[in-house]
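Since the structure comes first, as structure tokens, the remarks are kept for the end.
The values are calculated or read from the model by the stated rules, or taken from the named source; none is laboratory data. Since this is a predicted model, take the numbers as computed values, not measurements. Cβ coordinates were reconstructed from backbone atoms using ideal geometry, including for glycine residues, and neighbour counts include every protein chain displayed. With ligands, DNA and RNA removed, areas are computed over all heavy atoms of the protein, side chains included. Shrake-Rupley method; radii C 1.70, N 1.55, O 1.52, S 1.80 Å.
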Amino acid sequence: MSLDPKKSQAQSKLLKKIIPAVMKDGFQQLKMEEIAKLMDVSRATMYKHFSSKEEVIAGVVYIFVDYIDQLKLPSVQVEGELFGVSFQQLFEQSVSLAGKISEVFLKELQSAYPELSDSLRSALLQREQQSLEFYRHGIDKGIFQPVNERFILLQDELLLREIMNTKYLLQNQTSIQQVLTDYYQFKKIQLFRPEKMGLIEDHLIIPVINYVAEKYNRTL
């Protein structure tokens with residue numbers, strides 16, 4: 001399913017209002033009147049744009065698929081210092097995706113709407129394959145350590161979600177800025193050969209982490 005092109009701007013605006021709640025608590029228990037409240041419109045207005053709960057969730061999936069499709073991934077032909085820039089680009093995307101798409105949403109989507117789940121996972125898989133090609137290219141060029149590149153992606157998927165969790169931050173008395181900075185350094189040392197560290201300009205990632213942290217803190 002896709003958004004009606006004639007109404008897509010208005011639909012997207014309404015859908016983006018419910019995304020934080022849906023990512024935090026899931027959607028299976030939500031009723032249409034509750035969705036209308038989250039959208040801050042009347043039920044009548046909501047039904048002008050969405051005829052069912054499935055259509056609402058399909059719209060949310062569409063937004064994510066469109067976002068993933070538009071991500072600019074590093075070219076596998078990248079050379080030299082561009083490896084550092086591309087590494088930071090992938091880091092930023094991984095953090096963004098971990099913050100946008102929650103595990104509870106993915107699980108409920110698979111259970112309630114498997115076809116929509118397949119669409120979202122297909123988009124994520126395509127990005128994963130392109131990322132793997134970049135990591136393999138870096139290994140072949142002697143820039144990256146000869147590690148299992150699939151572990152790098154799995155680590156992003158599992159560890160990033162955990163350390164960006166409010167419960168983790170509170171238990172460890174740390175901030176989102178600190179954990180993202182620590183994870184960036186951890187991943188950089190893990191991936192790049194020691195003699196290739198000069199390809200990375202760390203100051204470029206600081207504004208990215210600060211921006212992500214600011215958005216994260218606003219949702220608390």
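For this structure, a couple of remarks:
- Crossing angle, helix 206-218 versus the chain [Cα axis fit, 0-90 degrees, rounded to tens]: 30
- Placing a label point 7 Å from the Cα of residue 73 along the Cα-to-Cβ direction, the residues of the stretch 134-169 whose backbone N falls under 11 Å of that point are 134-135.
- Percent carbon-and-sulfur accessible area, the stretch 59-150, ignoring ligands, DNA and RNA, probe 1.4 Å: 47
- Between 161, 136, 43, the GNM of the chain built on Cα springs shorter than 10 angstrom shows 43 fluctuating the most.
- Looking at the stretch 112-220, the pairs of alpha carbons with a distance over 24 Å make up 40% of the total.
- Cα-Cα over 30 Å, subset of 48/72; 24/141; 31/187; 37/100: 48/72; 24/141; 31/187
- Stretch gain in nm, segment residue 150-residue 10, where the contour uses 0.36 nm per residue and the Cα spacing is subtracted: 46.5 nm
- Sites listed here are GluC sites (Glu not before Pro) in the stretch 70-170 whose DSSP assignment is loop and whose Cβ has at most 13 other Cβ atoms within 10 Å: 79, 81.
- Relative to the longest principal axis of the Cα atoms of the chain, helix 82-100 runs at roughly 30 degrees.
- Peptide packing: for 139-145, 29-35, the average count of neighbouring Cβ atoms within 10 Å per residue gives the ranking 139-145, 29-35, highest mean first.
- Candidates 41, 61, 22: whichever shows maximal mean-square fluctuation once the chain is modelled as a Gaussian network with Cα springs under 10 Å: 41
- Per residue accessible area in Å² of the chain, where ligands, DNA and RNA are left out and the probe is 1.4 Å: 56
- Of 196, 100, 167, the residue with the greatest mean-square motion in the GNM of the chain, using alpha carbon springs below 10 Å, is 167.
- For the stretch 5-76, the relative contact order comes to 36 percent (Cα pairs under 8 Å, sequence separation of at least 6).
- Helix-only mean residue ellipticity at 222 nm for the chain, each DSSP H run of n ≥ 4 adding -39500 (n - 2.57), per residue, nearest 500: -23000 deg cm²/dmol
- Spin-label model, residue 125 to residue 29: label points 7 Å out along the Cα-to-beta-carbon direction sit 3.2 nm apart.
- In terms of overall dimensions, the C-alpha atoms belonging to the chain reach 63, 39, 28 Å along their principal axes, ordered largest to smallest.
- Against the chain, whose longest principal axis comes from its Cα atoms, helix 8-25 is set at around 70 degrees.
- Cut-off under 5 Å, modelled amide H: who pairs with residue 192 long-range: 145
- For the stretch 137-215, the relative contact order works out to 39 percent when only alpha carbon pairs closer than 8 Å and six or more residues apart are counted.
- A P(r) calculated from all alpha carbon pairs of the stretch 132-172, with 10 Å bins opening at zero, reads 28, 33, 23, 15, 1 percent.
- Here the contact order of the chain, divided by its residue count and restricted to Cα pairs under 8 Å and six or more residues apart, works out to 22 percent.
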